[in-house]
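Reading through the structure tokens given below for one structure.
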């Protein structure tokens, strides 16, 4: 077993200073991606800097048509938070559908957003709800943030501090999950705004979460599930593995989008 130092800063500034001084370091929040990677010898940072307890990463607020959630907020806290439930109940439901109870109490929204797992739930909400990711250095609109599988535009040592979501007129989320891992095989977050519809697809894209622009245009013109009947996602843009082919995932994403349209205000999970 290789040696790893565990560091627990008391402030955001101290965390950044530790990272700069450590030389070989990694931030850890929930640890659901980094720790398994370390166990499998896919990652071996000499220093782990724990961000979970930083006060600057806590808190939930609503203002000017947006809900802002501190990066250190656990999935369980997002699911139960009265402000999130009042303004974005579907986002609360999405958080409550992540993994199992242990994952929800350990994992954080900031960790998930920073990791950008292609099967994670939050990226679909980032895209559909026109999110802004705030770090210790800048504000990043979602269009400039997600950059592919497990990839974002975060710079070396940059820390996600909070995530802000626009509140739509209505929204819905539908997810078909792997019954073993509970990760999404295909999921769709459909948000309806005064100026049109935004759709975030996750779990199936070969480059991670993406917006389905053709379906957005069709649903902006007529918001009904059969408005996308003539559309199809390109299987060439989908992942394929032992759990489902790219063609299967393309079909699933369309089915989940239809169900998210029909069930605005709800989160539907299958199986």
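What the table shows:
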quantity	calculated
Some residue of the stretch 131-146 being at positive phi and either in contact with a strand residue (DSSP E or B) (Cβ under 9 Å, 6 or more places away or on another chain) or outside any loop (DSSP other than H, G, I, E, B) (or both)	no
Some residue of the stretch 219-234 being in contact with a strand residue (DSSP E or B) (Cβ under 6 Å, 6 or more places away or on another chain) and buried (at least 19 other Cβ atoms within 10 Å of the Cβ)	yes
Search result, residues across the stretch 235-270 that are in a loop (DSSP other than H, G, I, E, B), at pLDDT below 95 and touching a strand residue (DSSP E or B) at 6+ places or on another chain (Cβ under 7 Å)	243
Test: residue 86 is surrounded by 15 or more Cβ atoms within 10 Å (Cβ to Cβ), in a helix (DSSP H, G or I) and either assigned by TED's automatic domain parsing to the domain that holds residue 104 or out of contact with any helix residue (DSSP H, G or I) (no Cβ under 7 Å at 6 or more places or on another chain) (or both)	no
Test for residue 26: is it within 17 Å of residue 135 (Cα to Cα), in contact (Cβ under 8 Å) with a residue 60 or more places away in the chain and either surrounded by fewer than 19 Cβ atoms within 10 Å (Cβ to Cβ) or under 17 Å from the mean Cα position of the chain (by Cα) (or both)	no
Subset of the stretch 110-127 (residues that are more than 14 Å from residue 66 (Cβ to Cβ) and assigned to a helix (DSSP H, G or I))	110, 111, 112, 113, 114, 115, 122, 123, 124, 127
Residues of the stretch 31-76 classified as out of contact with any strand residue (DSSP E or B) (no Cβ under 8 Å at 6 or more places or on another chain) and in contact (Cβ under 8 Å) with a residue 40 or more places away in the chain, total	7
Residue satisfying all of: in the stretch 135-167; buried (at least 16 other Cβ atoms within 10 Å of the Cβ) and without any contact (Cβ under 8 Å) to a residue 40 or more places away in the chain; nearest to residue 93 (Cα to Cα) among these	142
Output for the stretch 171-202, where each listed residue is out of contact with any helix residue (DSSP H, G or I) (no Cβ under 7 Å at 6 or more places or on another chain), in a strand (DSSP E or B) and either closer than 16 Å to residue 120 by Cα or in the same structural domain as residue 123 (by TED's automatic domain parsing) (or both)	177, 184
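Every residue, every condition in (1) closer than 28 Å to residue 201 by Cβ; (2) under 15 Å from the mean Cα position of the chain (by Cα); (3) not in a loop (DSSP other than H, G, I, E, B), yes or no:
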site: 52; (1), (2), (3): no, no, no
site: 56; (1), (2), (3): no, no, yes
site: 61; (1), (2), (3): no, no, yes
site: 95; (1), (2), (3): yes, yes, yes
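The values are calculated or read from the model by the stated rules, or taken from the named source; none is laboratory data. Remember, predicted model here, so these are calculated numbers, not experimental data. Cβ atoms come from the backbone with ideal geometry, glycine included; neighbour counts cover every protein chain shown.
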